[in-house]
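Structure record follows, encoded as structure tokens.
Where a number appears in this text, it was derived from the coordinates with a stated rule and is not lab data. What you see is a predicted model, and the numbers here were worked out from it, not measured in a lab. All Cβ positions, glycine included, derive from the backbone under ideal geometry; neighbour counts span all protein chains shown.
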Amino acid sequence: MNILNLKSTLLFIFLLIAIKTPLMADSQDYQIQNGDLLQISLPGEAALKAPFQVDRQGRIILPEVGAMQVSGLSIQAVTSQVSDQLKTVFIDVDNLSVYLLKKQLIISVRGYVEEPGEFTLQSDASIQLAIYAAGGLRKGAQLDRLQLIRDKKTTVFNYKKYLDSGDSSLLPTLRSMDALFIPASPMTGNIEVEYNPSDITNAGDSADSSTSIKVFGEVNHPGSFAYRESMDIVDLLMGSGGVTRYAGVEKIRVITDGQPTLFNLKKYLDSGNQQYLPTIKPGATIFVPKQEEEIKSGANMVYVMGEVAKPGAYESTKGATFMDILANAGGPTRFAESRQIRIIKANNSIIAFDLSAYTEGRLNNIPAISPGDAIFVPEKTDMNEKSWLKVTPNRAVRVLGSVVHPGRIEWSDEMSLLDLLAHVGGPTPEADTANIEIVVPMGNGSTKVHQFNLNAFLKDGMSDQQLPVIRAGSTIMVQQLPQDPSDNKSQWVRQSSEKSIYIFGQVGAPGRYMFTNEMNFLDILAAADGPTNEADLRNIRINHRDDMRKGVSKLDLALYFETGDDHLLPQVSTGDTIYIPEKDRIWLDKSKESTVRVLGAVNKPGRYRFDDTMTVLDLLAESGGTVEDAYIENITVVNMSCCRDQARNFDLKEFTRSAAFADLPVLRAGDTVYIPYRSESGYEKFRKGLTDVIQIVALGALIGLL
């Protein structure tokens, strides 16, 4: 072991001895009591590491042994008993030791406390700490008659006197298993109520109901008050805690000798004239009505309605502004449409006011408010409900087509087209955002139509100043792209020919399609389900109709697939027509001077595309080869030259024996290859004629013999 580890071990042992020795030394003669915490140490046994508390029966529960009575015993006696008990389950208990870890009390707190029950407290705990452990005293506890119950004997002590003086000698000392009982005050009665002594004081001080003054209604503490000659109605209202915020202070009722009179507290407070105070006599009754029970009207009233926190009638004093009246009404709620506030004047005229624009500094003047005016704050329009009644046509914009929430939207002049599209949830995935149509009403009753390309706006990073101007009453139409390219005829009535691309010929779904100019040729071809197996990819034709590129262009798509050169792909735009021809149908797009004709005894006679690398053998193979009756010894090739036509015969049968490629006739564009039938040859005709002569001679000889 090195010196550092030795020092650490010695320091640990020293600290352990310093901590445990005083407690164990002082505890040798100490008798264990209920609640104490004991520590049993037996090296190598994890089950004994946790402290053991002595329960209210004076026992500890040992693992694998059970309960053992320890209350009233010394530490030495407990150690001996624990050792004897653990020998039955443990092999070696020679190093067993038991010491007192902590002295504790088990105290029961009952009666008028927040959380009565049994609690484990430290050994020097006081009465006040026991009450604190029970959550404190409840309102209505009788503090001068607390009881301490010990061994079935009850000791009464005055806890309130301790609270008044702070003299701790007035409180008994706690022992383990003591019970503390807190009684309830006799003033709480037999019914459990929320008791507050201040409420009894505020409820009045009258003991004689015949002469007491009764105050009730919209006051904070109604009750009966003893009559005094010097008091007036203001004193009585103050004694009852004052009026509430809902009190109708202008029509307080005072009943004296069976005769009711009205008292206007506001008028008295405004003037201070003592003559407005009614006479108060013994037995009088004062009732303060609720403000809502009265209809507030008059020449000085301003009415605030709609989406404000406190709608109602408010008195308009001299110099009160629109903002003063709106603030008294609690201001607009979160559901208020503060851009469309209306002021209905007393002369029936209407003034519109945009509170949001005023708060944003875009509006400098606020409307003047006069007595008799009414302020109406409307509710915001919910996009999920019909807004025909809430939004008039001169304030609405219609959004139709492929947007998430199409409908009528309330328009504000500080909004833009992008704000409007965002408000309706934006375009759907099927929307044609390159051709948004906008119809804007003009001042003279006419309309103006705009085409807006949202894709180009976002792609080029344009500013909001380049957005089309929208006014209330406008209509925005967001077109929808075809959902099913294979059957899009239902879309034709909704798209013009200028926005369409036509695809004909050998494609999976020929027809008319709506596309944007940002799409390329392959996008359009893919939408039409691509070329079929019969498509001639080397002779695709595109008819351009726009002003800059009118005419027809040719595309060799097979060459593009071989080279990957994007420059081979044509630039197509809306209005163009794409035609993909069928294989081997070259007479539709090839002149006779650029093809080679194969006639006669072949399986597929016809016109074939000319290729300089082709020979007569390639041409015969492409035409399906000769038929069985072909006269291959006399194939004729008719050449077209600049000066005159010439013909040359070719013996295919002889070529198969000699393989002389030099004897193959040269083919040129426009040539004709003819393979005669054997029945058309001179030798065959001679052979047939000779057969006929022999048959006639034989027939004559036979007749002569007969």
Karplus 3J(HN,Hα) series, Hz, for the range 457-465 with 6.51 cos²θ - 1.76 cosθ + 1.60 (x for Gly, Pro): 4, 6, 5, 8, x, 6, 8, 5, 5
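Checking the table 251/318; 139/267; 251/380; 102/139 against a 30 Å threshold on Cα-Cα, which pairs fail? The partial results should precede the final answer.
Numbers: 251/318 23 Å; 139/267 41 Å; 251/380 38 Å; 102/139 35 Å.
From the list (251/318; 139/267; 251/380; 102/139), the Cα-Cα distance tops 30 Å for 139/267; 251/380; 102/139.
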Histogram of C-alpha separations across the range 105-188, 5 Å bin width, %: 3, 16, 28, 28, 20, 5, 1, 0
Percent breakdown of C-alpha pair distances by 10 Å bin, ordered from the shortest bin, for the range 301-377: 20, 57, 22, 0
For residue 302, distant residues with modelled amide H under 5 Å away: 314, 315, 316, 372
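Cα-Cα pairs above 20 Å in the range 390-458: how many percent? Spell out each step's value before the answer.
Working: 693 of 2346 pairs.
Summing the P(r) of the range 390-458 above 20 Å gives 30 percent of all pairs.
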Least to most buried among 529, 94, 413 (fewest other Cβ within 10 Å first): 94, 413, 529
Evaluated at q = 0.14, 0.24 Å⁻¹: base-10 log I(q)/I(0), Debye formula over Cα of the range 591-675: -0.43, -1.28
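Given the convex hull of the Cα atoms of the range 215-366, what is a quarter of its surface area in nm²? Before the final figure, lay out the partial values.
Values: hull surface 47.0 nm².
Over all viewing directions, the range 215-366 projects a mean Cα-hull area of 11.8 nm².
Would you mind classifying the range 197-293 by shape? Square roots of the alpha carbon gyration tensor eigenvalues, ordered a ≥ b ≥ c; an a/c under 1.5 is rounded, otherwise it is prolate if a/b is larger than b/c and oblate if not. Before the final figure, lay out each step's value.
Working: a/c = 1.63, a/b = 1.22, b/c = 1.33.
Oblate, since a/c reaches 1.5 and b/c is not below a/b.
Over 23 Å apart: what share of the alpha carbon pairs of the range 41-163 falls there, rounded to a whole percent? Could the numbers behind the result be given before it?
Numbers: 3520 of 7503 pairs.
Of the Cα pairs, 47 percent sit more than 23 Å apart.
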